[in-house]
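Asker: Sharing a structure with you now.
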Amino acid sequence: MDIRGIDHIEIYVDDTRQAAAYFGNAVGLRPRAQGGPENGLIGQRSLLLRHADIRLLLTSGLTADHPAAAYVRRHGDGIAVVALAVDDAAEAYAKLLARGAVGELPPTTITSADAEVVIAEVAGFADVRHRLVERRRGGGDFLPGLTELPPVGGAEDLLAEIDHLAVCVPPGQLAETVRGYREVFGFDEIFHEYVEVDGQAMNSTVVQSRSGRVTLVLLEPDTGRRAGQIDAFLAQHSGAGVQHLGLRTDDIIAAIGALRQRGVRFAGTPAAYYDDLETRVGKIDGSVEQLREFGVLVDRDHDGQLLQIFTESMHVRRTLFLELIERRGARTFGSGNIKALYEAKERELAVAASAGGPAATQEVTG
């Protein structure tokens, strides 16, 4: 079984048009196909958006008993399907079931005038499923029940591909989730860290497909410490789920500038974070002042540096959000950003207090 990458991500949303306004008009993905009851999609409406190698399928349930409607009632808008590109969907499905996966949809072949696709589905974690997608011929964006839309022009592709997904799981479930991806899906465990910040703590384990094209960052709170952002996500999302979707870019400054102009809001970074940046992460290829201006975080692993920034959540529950990431040699994830951010914020507050100024209230998250 060769998992070659992420074919697409399906997000269940309350309102497809409203979600498309954000992911399309603001983030910059372009409509490529759509479908509804008139196309045989019973009880739902879907819109496929694409930008470079990023495909997002937005689906709303039109009836109360539709799975998308039930998902949104419980979790709010969120990622419900992570579709995996495979060479042989039937073979992959059989192997996954033999290793203990729970089947959700047996292999099904769908054809159109110029495309043929085989899909199958298995359970992933919590309410998230994995769709196996085998594209036999043509139709790079073809999916069941969708009608292709005329090409839409736009600005250059500033985003390249889906880099990773960050998944929050309840306390005590991290080891079991990691074991499932290793033993059932054949992923490798490539990174692990225990992060402590101001009385909060969490375990983080990164698993990755053998191809290196599918990466999951699995996060679990330490209940022996003060509740933090992972606990908040689990409460607001009503259980495990995808906290953020990481999108890789080759030029993070240009991408931030373009998305800001379209109305995307990014999480703020304390100015003091940059005071000793090069001491922490080494020489920066570029201007530290520019990174400060755009609020970009910098970290490193054994292979190089990575630049990151997070959007504010676009959802009423403050759950799912996006990350932009530029990799300058780094292949995994650094461990310094959360701690460095917190310490920088403490210095900033101390300076404000000594000067008699108002204390800042911005929450620092990783």
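The values are calculated or read from the model by the stated rules, or taken from the named source; none is laboratory data. Quantities reported herein were computed from a predicted structural model and do not represent experimental measurements. Every residue, glycine among them, receives a Cβ derived from its backbone with ideal geometry; neighbour counts consider all protein chains shown. Just so you know, the surface numbers come from the protein's heavy atoms only, side chains and all, with ligands and any DNA or RNA stripped out. Shrake-Rupley method; radii C 1.70, N 1.55, O 1.52, S 1.80 Å.
Asker: Restricting the range 235-275 to residues that are among the polar types (S, T, N, Q) and in a loop (DSSP other than H, G, I, E, B), which is surrounded by the fewest Cβ atoms within 10 Å (Cβ to Cβ)?
Answerer: Only one residue tops the list, namely SER238.
Asker: Quick one: which of ARG331, ARG317 is part of a loop (DSSP other than H, G, I, E, B) and either out of contact with any helix residue (DSSP H, G or I) (no Cβ under 6 Å at 6 or more places or on another chain) or open to solvent by less than 50 Å² (accessible area, probe 1.4 Å) (or both)?
Answerer: So the residue among ARG331, ARG317 that is part of a loop (DSSP other than H, G, I, E, B) and either out of contact with any helix residue (DSSP H, G or I) (no Cβ under 6 Å at 6 or more places or on another chain) or open to solvent by less than 50 Å² (accessible area, probe 1.4 Å) (or both) is ARG331.
Asker: Let me ask something else about it. Given the condition part of a helix (DSSP H, G or I) and either surrounded by fewer than 21 Cβ atoms within 10 Å (Cβ to Cβ) or among the small types (Gly, Ala, Ser) (or both), answer yes or no: does some residue in the range 49-62 qualify?
Answerer: No, that holds for no residue.
Asker: If you don't mind, there's one more thing I want to ask. Can you spot a residue in the range 66-74 that is out of contact with any Gly (no Cβ under 7 Å at 6 or more places or on another chain) and within 19 Å of HIS164 (Cα to Cα)?
Answerer: no
Asker: Which residue is nearest to the chain's Cα centre (by Cα), if the candidates are limited to the range 234-285 and must be closer than 27 Å to ILE11 by Cα and among the hydroxyl-bearing types (Ser, Thr, Tyr)?
Answerer: So, considering only residues that are closer than 27 Å to ILE11 by Cα and among the hydroxyl-bearing types (Ser, Thr, Tyr), the one nearest to the chain's Cα centre (by Cα) is THR249.
Asker: Provide a single number: the residues in the range 189-198 that are of a type outside the set (Ser, Thr, Tyr), open to solvent by 30 Å² or more (accessible area, probe 1.4 Å) and either over 19 Å from the mean Cα position of the chain (by Cα) or at positive phi (or both).
Answerer: 3
Condition check ((1) within 22 Å of the chain's Cα centre (by Cα); (2) at negative phi; (3) polar (S, T, N, Q); (4) buried (at least 20 other Cβ atoms within 10 Å of the Cβ)) across all residues:
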position	(1), (2), (3), (4)
LEU143	yes, yes, no, yes
PRO150	no, yes, no, no
GLU161	yes, yes, no, no
GLY172	no, no, no, no
THR177	yes, yes, yes, yes
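Asker: Next question. Hey, could you check the range 276-308 for residues that are part of a loop (DSSP other than H, G, I, E, B) and touching a helix residue (DSSP H, G or I) at 6+ places or on another chain (Cβ under 7 Å) and say which is surrounded by the fewest Cβ atoms within 10 Å (Cβ to Cβ)?
Answerer: ILE284
Asker: Then there's this: Going through ASP163, ASP141 one at a time, which residue ends up being within 29 Å of VAL117 (Cα to Cα), part of a loop (DSSP other than H, G, I, E, B), charged (D, E, K, R) and out of contact with any helix residue (DSSP H, G or I) (no Cβ under 6 Å at 6 or more places or on another chain)?
Answerer: ASP141
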